[in-house]
Amino acid sequence: MYRLVLASRNKGKLKELRQLLDGFGFEVLDLDSFPEVPEIEEEGLTFEENAATKAETAAQITGCPALADDSGLEVDVLDGAPGIYSSRFAGSDGDDAANNDKLLQELTGVPSELRNARFRCVVALVVPGGKTRTAEGVCEGTIGFEPVGENGFGYDPLFIVKDFGRTMAELSPQEKNEISHRAQALRKAVPILREMLINDDARR
C-alpha cells in the first residue's frame, strides 16, 4: 500500500479528503504525522501555485508522495474575490464565521441574480524527485443572504449549489462528496497519482 501525505493541517479539509480517498488503496497521512514539516506559506498568485508549493514541500521533507489542494470561493460581482484569499478574507486572525460575515457585508444590496459564484479547487500531486501535476474541479452556485445548514466548513453555509436549491452546508457528506469542487478534482487526480506511482516504481 502506498503512503500518501496530505499537505494540510486543516481538520475540516483533511476529513473531507480522507473520505474522498477512502477505498483507493492509499495509506493516508497528514502533516501532524510529520512535525518536522513547518507551516507552509501560501504566497502564490494562483490556486495552482499554492497547491504545488504545499505538495512539493511536503514531498521533499517527508520523502513520500504528497497531495495538496488549494481551493476557494470566486464571486463574480466581486471580480473573483475572495479567490486565493478565501481562508483569510477577514484577515489572518479571522475564522469561518468572520469570513462569512465579511462576504455578506461585501454583497450588501446585491440582488440574488447577481450573486453568482463558484468553488474552485486545484489538487497538486508530487512524487519525490518527480514532476508536479495538477487537476482542477469547479462547483457552480450562488451566494445566499444568510448562513443555512450545519454541515461542512468555510463558506458552505452561504453557497447555494446550482440545481440543488440548498446550501453546501445543507447537503449530507455523501451528497457533497458527489458534487463538490474538491471531489471533482480528486476524481481526476487519483488516476494521475496512480500513473505517477507506477512510473516511480519503474524507475527504481
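The values are calculated or read from the model by the stated rules, or taken from the named source; none is laboratory data. Computed from a prediction, not measured in an experiment: that's the story for all the values here. Positions of Cβ are backbone-derived with ideal geometry, glycine not excepted, and every protein chain shown enters the neighbour counts.
Exactly one of these conditions fails for GLU27: (1) in a strand (DSSP E or B); (2) surrounded by 13 or more Cβ atoms within 10 Å (Cβ to Cβ). Give me its number.
(2)
Restricting to segment 164-187, and then to whatever is acidic (Asp, Glu) and without any contact (Cβ under 8 Å) to a residue 12 or more places away in the chain, can you tell me which residue is nearest to ASP70 (Cα to Cα)?
Step by step, filter segment 164-187, then rank; the result is GLU178.
Any idea which residue in segment 30-45 is farthest from ALA68 (Cα to Cα), counting only those that are assigned to a loop (DSSP other than H, G, I, E, B) and either in contact (Cβ under 8 Å) with a residue 40 or more places away in the chain or of a type in the set (D, E, K, R) (or both)?
GLU36
So if I check each of SER71, SER86, which one is not β-branched (Val, Ile, Thr) and not in a strand (DSSP E or B)?
None of the other options fit; the residue is SER86.
Kindly list, by first and then second residue, each pair from a residue in segment 1-19 that is farther than 12 Å from ASP30 by Cβ to a residue that is surrounded by 19 or more Cβ atoms within 10 Å (Cβ to Cβ) and among the hydrophobic types (A, V, I, L, M, F, W, C), limited to pairs with Cβ atoms under 7 Å and residues at least 6 apart or on different chains.
Between residues of segment 1-19 that are farther than 12 Å from ASP30 by Cβ and residues that are surrounded by 19 or more Cβ atoms within 10 Å (Cβ to Cβ) and among the hydrophobic types (A, V, I, L, M, F, W, C), the close pairs are MET1/PHE26; TYR2/PHE26.
For segment 15-40, give me the residue count where each residue is in contact with a Ser or Thr (Cβ under 9 Å, 6 or more places away or on another chain), closer than 17 Å to ALA59 by Cβ and not β-branched (Val, Ile, Thr).
Qualifying residue count for the region: 8.
Could you please find all residues in segment 152-204 being under 25 Å from GLU113 (Cα atoms), in contact with a Ser or Thr (Cβ under 8 Å, 6 or more places away or on another chain) and not aliphatic (A, V, I, L, M)?
Within segment 152-204, GLY154, TYR155, ASP156, PRO157, PHE159, LYS162, HIS181 meet the criteria.
Which ranges mark the strands (runs of 3 or more DSSP E) fully within segment 113-204 that have 1 or more residues being buried (at least 17 other Cβ atoms within 10 Å of the Cβ) and polar (S, T, N, Q)?
Where strands (runs of 3 or more DSSP E) fall fully within segment 113-204 and carry at least 1 residues being buried (at least 17 other Cβ atoms within 10 Å of the Cβ) and polar (S, T, N, Q), they are 133-143.
Could you look through segment 36-61, keep only residues that are modelled with pLDDT under 90 and farther than 24 Å from LEU197 by Cβ, and pick out the one that is farthest from the chain's Cα centre (by Cα)?
PRO38
Restricting to segment 102-136, name every residue that is among the polar types (S, T, N, Q) and either more than 19 Å from the chain's Cα centre (by Cα) or farther than 13 Å from THR53 by Cα (or both). It would help to see each step written out before you state the result.
The initial filter retains those residues of segment 102-136 that are among the polar types (S, T, N, Q), namely 105, 108, 112, 116, 132, 134.
Those that are among the polar types (S, T, N, Q) and either more than 19 Å from the chain's Cα centre (by Cα) or farther than 13 Å from THR53 by Cα (or both): GLN105, THR108, SER112, ASN116.
Matching residues to (1) touching a strand residue (DSSP E or B) at 6+ places or on another chain (Cβ under 8 Å); (2) buried (at least 22 other Cβ atoms within 10 Å of the Cβ):
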residue: PRO38; (1), (2): no, no
residue: GLU42; (1), (2): yes, no
residue: ALA68; (1), (2): yes, yes
residue: ASP76; (1), (2): yes, no
residue: ALA90; (1), (2): no, no
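Would you mention how many residues in segment 65-88 are hydrophobic (A, V, I, L, M, F, W, C), free of Cβ contacts under 8 Å to residues at least 40 places away in the same chain and within 19 Å of GLU48 (Cα to Cα)?
Residues that pass the stated criteria total 1.
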